[in-house]
Every structure is written in structure tokens, then in C-alpha cells.
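The values are calculated or read from the model by the stated rules, or taken from the named source; none is laboratory data. The model shown is predicted, which means the values in this text are computed figures rather than measured ones. For neighbour counting, all protein chains shown are included, and Cβ atoms are generated from backbone atoms with ideal geometry for every residue, glycine included.
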Amino acid sequence: MKRLVQRLFGAEPETGGAQLRILMVCMGNICRSPTAEGVLRAQLARAGLGRAVLVDSAGTIGSHAGEAPDARAMRHAAARGYDLSALRARPVQASDFERFDWLLAMDEDNLAWLRQRAPAQAVDRCALLLPFAGRAQAPHEVPDPYYGGPAGFDQVLDLVEDACARLVPRLARGELPLRAGAPGKA
């Protein structure tokens with residue numbers, strides 16, 4: 001596995017030198033995107049890619065900046081073995097479009113927000129998480145569970161776990177370019 005990581009990402013996993021950077025994005029960064037961050041991190045760690053891929057999350061609004069994820073999101077994630085307690089909400093920054101290879105939105109509204117603000121060279125690196133991960137069947141968006149009941153948080157986890165389970169092997173096989181259109185990285 002170590003050699004595979006070196007070959008695909010050009011870094012030793014022990015160095016902490018992440019070669020691929022993924023930003024999960026939703027509106028407030030308190031439900032969906034921190035869940036996606038936590039799930040992807042855990043699945044990458046299990047696959048031995050935890051240090052080769054940096055995963056973060058942010059929101060298109062900054063009203064929850066500095067807050068922990070929604071208590072319901074943390075509770076449902078914990079029930080499935082994911083610890084989101086150390087995560088804190090933050091807004092998407094202009095520098096994120098350069099720092100991250102991929103900015104993966106949970107829904108069309110947040111994707112449109114990202115694409116509207118992205119510099120021209122970063123627009124093609126903004127995508128919806130579910131289709132990007134290779135999930136062809138509907139739904140194509142991760143619905144916002146904030147105003148709903150417990151079933152909404154379980155649905156978010158179901159969709160995100162499925163997407164990440166599809167994404168991690170594709171990353172391990174080198175099927176996804178480090179940066180769309182970047183010289184020497186596609």
C-alpha cells in the first residue's frame with residue numbers, strides 16, 4: 001500500500017505531505033459538509049490513504065463560523081463510528097479555490113455559488129459530490145437535514161458513505177486527476 005500511495009500521490013504517507021486536497025462544501029458547514037469530511041477521512045484512513053489526501057469542509061455562508069457541527073449530525077455520525085467533534089465551521093475563502101484540487105458541493109445551489117465565485121481556472125474543479133464520486137443513480141444531491149427529523153441525518157450519512165465508498169477506490173487506483181487541467185497532474 002505504501003508504494004501505491006507513493007506512485008499515485010508522490011508522497012510518503014508518513015510525511016503528512018498530502019498531495020490531493022478535497023474541500024467538502026454545504027451552506028452552513030454544520031451538517032452535510034462536516035459529515036462528508038468525517039466520513040471521507042475515516043474511509044481514507046482505513047484504505048491507508050489518510051495522509052495522502054487532505055480533506056476539509058467549509059460553508060457558503062459564514063454565520064456558523066467557529067461552531068461545532070450540529071449536535072444531531074454529530075450524534076448520528078457517532079452512531080456509525082465517525083467522530084466529528086473536533087471539526088469547526090468556517091466559510092469558503094477565496095484562497096480555497098487555489099489550495100484545493102477539488103471543491104465538492106452537496107447540492108446544486110452551493111455548486112452554483114462556488115462556480116460563480118471561482119476564478120476561471122478553478123470552475124472545472126467545482127463539482128457535486130455524489131456524481132463526482134461515481135454515483136450515477138438519483139439522487140444527485142445530498143439534501144439538507146437541518147429543518148427535518150432524524151431520518152434526514154441518516155439519509156445524509158447513507159448518501160455520503162456510499163459516495164465515499166465509491167470515491168476512495170477511484171483515488172487509490174489513480175482514476176481521478178490531482179487537479180483538473182493542471183500541467184503534469186491530470
Self-check item: helices (runs of 4 or more DSSP H) contained entirely in segment 83-166, each with at least 1 residues that are out of contact with any Pro (no Cβ under 7 Å at 6 or more places or on another chain) and of a type in the set (D, E, K, R)
Solution: 96-99, 108-117
Self-check item: ASP162 touching a helix residue (DSSP H, G or I) at 6+ places or on another chain (Cβ under 9 Å) and acidic (Asp, Glu)
Solution: yes
Quiz item: What residue, among those in segment 85-113 that are small (Gly, Ala, Ser) and either under 11 Å from MET24 (Cα atoms) or under 14 Å from the mean Cα position of the chain (by Cα) (or both), is surrounded by the fewest Cβ atoms within 10 Å (Cβ to Cβ)?
Solution: ALA89
Practice problem: Could you give me the residue pairs with C-beta distances under 6 Å whose first residue belongs to segment 124-151 and is without any contact (Cβ under 8 Å) to a residue 60 or more places away in the chain, whose second residue is assigned to a loop (DSSP other than H, G, I, E, B) and small (Gly, Ala, Ser) wherever it lies, and which are 6+ apart or on separate chains? | Solution: ASP124/ALA180; ARG125/ALA180; CYS126/ALA118
Quiz item: Out of the residues in segment 53-69 that are free of Cβ contacts under 8 Å to residues at least 60 places away in the same chain and touching a helix residue (DSSP H, G or I) at 6+ places or on another chain (Cβ under 8 Å), which is surrounded by the most Cβ atoms within 10 Å (Cβ to Cβ)?
Solution: SER57
Self-check item: Tally, over segment 45-82, of residues that are of a type outside the set (Val, Ile, Thr) and outside any loop (DSSP other than H, G, I, E, B)
Solution: 16
Quiz item: Of the residues that make up segment 34-44, is at least one of a type in the set (Lys, Arg) and modelled with pLDDT of 95 or more?
Solution: yes
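Within segment 149-160, which residues are within 13 Å of LEU130 (Cβ to Cβ) and crowded, with 19+ Cβ neighbours inside 10 Å? Outline the logic, then answer.
Of all residues in segment 149-160, those within 13 Å of LEU130 (Cβ to Cβ) come to 155-156, 158-160.
Across segment 149-160, the qualifying residues are VAL156, LEU159, VAL160.
Tally time: how many residues in segment 1-33 are modelled with pLDDT of 95 or more and of a type in the set (S, T, N, Q)?
Step one: list which residues in segment 1-33 are modelled with pLDDT of 95 or more, which gives 21-33.
Within this subset, residues satisfying the condition of being of a type in the set (S, T, N, Q) are 29, 33.
Total meeting the criteria: 2.
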